[in-house]
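Trainee: Right, I'll just put the structure down here and ask away after.
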Amino acid sequence: MTFIDFKNKKTVQIWEGINASFFHSEQITFGHVTLDKGAIVGEHSHVHEQWTHVIEGEMEFTVAGETKILTPGMAAFMPSNAVHSARAITLCKVIDCFLPVREDFAALEQQGK
């Protein structure tokens, strides 16, 4: 899988108002995520390191108690086990990258087939 085409990849619902398409290598999960206006990713943490890069829209992101409004071209980094949350102020499109692979998201994709 050297080249990928997200236009032909089926999306899955991660949480209410949050849908995504993912590709997984042996070590990384890479995804295109759409958050509806007002969608909330509740406070949580996970073993994965995570990068979230905003492509479209505006979102409020909190990582380890620090809150910032992210706009296109901005990103947030979550170290392993960092508590974080987000709220889509507008419709948002982001790129998420996780290390190691998000097996839970891979399982969601399998359920939808």
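Trainee: Among the residues of the stretch 13-29, what is the count of those that are buried (at least 18 other Cβ atoms within 10 Å of the Cβ) and either more than 16 Å from His48 (Cβ to Cβ) or out of contact with any helix residue (DSSP H, G or I) (no Cβ under 9 Å at 6 or more places or on another chain) (or both)? Talk me through it step by step, then tell me what you get.
Mentor: Filtering the stretch 13-29 down to residues buried (at least 18 other Cβ atoms within 10 Å of the Cβ) leaves 14, 18, 20-22, 24, 29.
Keeping just the survivors that are either more than 16 Å from His48 (Cβ to Cβ) or out of contact with any helix residue (DSSP H, G or I) (no Cβ under 9 Å at 6 or more places or on another chain) (or both) gives 18, 21.
Total meeting the criteria: 2.
Trainee: Could I ask something else about it? Under the condition of being in a loop (DSSP other than H, G, I, E, B), on the phi < 0 side of the Ramachandran plot and not charged (D, E, K, R), which residue from the stretch 43-59 is surrounded by the fewest Cβ atoms within 10 Å (Cβ to Cβ)? So that I can check it myself, show each step before the final result.
Mentor: We begin by selecting, within the stretch 43-59, every residue in a loop (DSSP other than H, G, I, E, B); these are 45-48, 57-58.
Filter again for on the phi < 0 side of the Ramachandran plot, leaving 45-48, 58.
This time we only want the ones that are not charged (D, E, K, R), so: 45-48.
Working: Ser45: 15, His46: 15, Val47: 10, His48: 21.
Step by step, filter the stretch 43-59, then rank; the result is Val47.
Trainee: Out of all the residues in the stretch 1-15, which are closer than 18 Å to Asp104 by Cβ and over 13 Å from the mean Cα position of the chain (by Cα)?
Mentor: Going residue by residue through the stretch 1-15, those that are closer than 18 Å to Asp104 by Cβ are 9-15.
Within the stretch 1-15, Lys9, Lys10 qualify.
Trainee: It is to be established whether one or more residues within the stretch 35-42 are over 26 Å from Gln110 (Cβ atoms) and in a loop (DSSP other than H, G, I, E, B).
Mentor: Yes, the stretch 35-42 has at least one match.
Trainee: Same structure, new question: Taking the stated definitions as given, is Ile4 among the aliphatic types (A, V, I, L, M) and modelled with pLDDT under 95? Spell out how you get there, then give the answer.
Mentor: Values: among the aliphatic types (A, V, I, L, M): yes; modelled with pLDDT under 95: yes.
So Ile4 passes the test.
Trainee: What number of residues in the stretch 75-113 are more than 11 Å from the chain's Cα centre (by Cα) and assigned to a helix (DSSP H, G or I)?
Mentor: Residues that pass the stated criteria total 8.
Trainee: Next question, about the same structure. Residues that are in contact with a strand residue (DSSP E or B) (Cβ under 6 Å, 6 or more places away or on another chain), at positive phi and part of a loop (DSSP other than H, G, I, E, B): does the stretch 4-22 have at least one?
Mentor: So far as the stretch 4-22 goes, no, none of its residues is in contact with a strand residue (DSSP E or B) (Cβ under 6 Å, 6 or more places away or on another chain), at positive phi and part of a loop (DSSP other than H, G, I, E, B).
Trainee: Residue by residue through the stretch 17-44, note down the ones that are more than 22 Å from Thr71 (Cα to Cα) and free of Cβ contacts under 8 Å to residues at least 40 places away in the same chain.
Mentor: The answer is Phe23, and nothing else.
Trainee: In addition: On the given criteria, is Phe98 surrounded by fewer than 18 Cβ atoms within 10 Å (Cβ to Cβ) and among the aromatic types (Phe, Trp, Tyr)? Walk me through how you get there before you give the answer.
Mentor: Working: surrounded by fewer than 18 Cβ atoms within 10 Å (Cβ to Cβ): no; among the aromatic types (Phe, Trp, Tyr): yes.
Here the answer is no, as Phe98 does not meet what is asked.
The values are calculated or read from the model by the stated rules, or taken from the named source; none is laboratory data. Because the structure is predicted, anything quoted here is derived from the model rather than measured. Here Cβ is always computed from backbone atoms with ideal geometry, including for glycine, and neighbour counts include all displayed protein chains.
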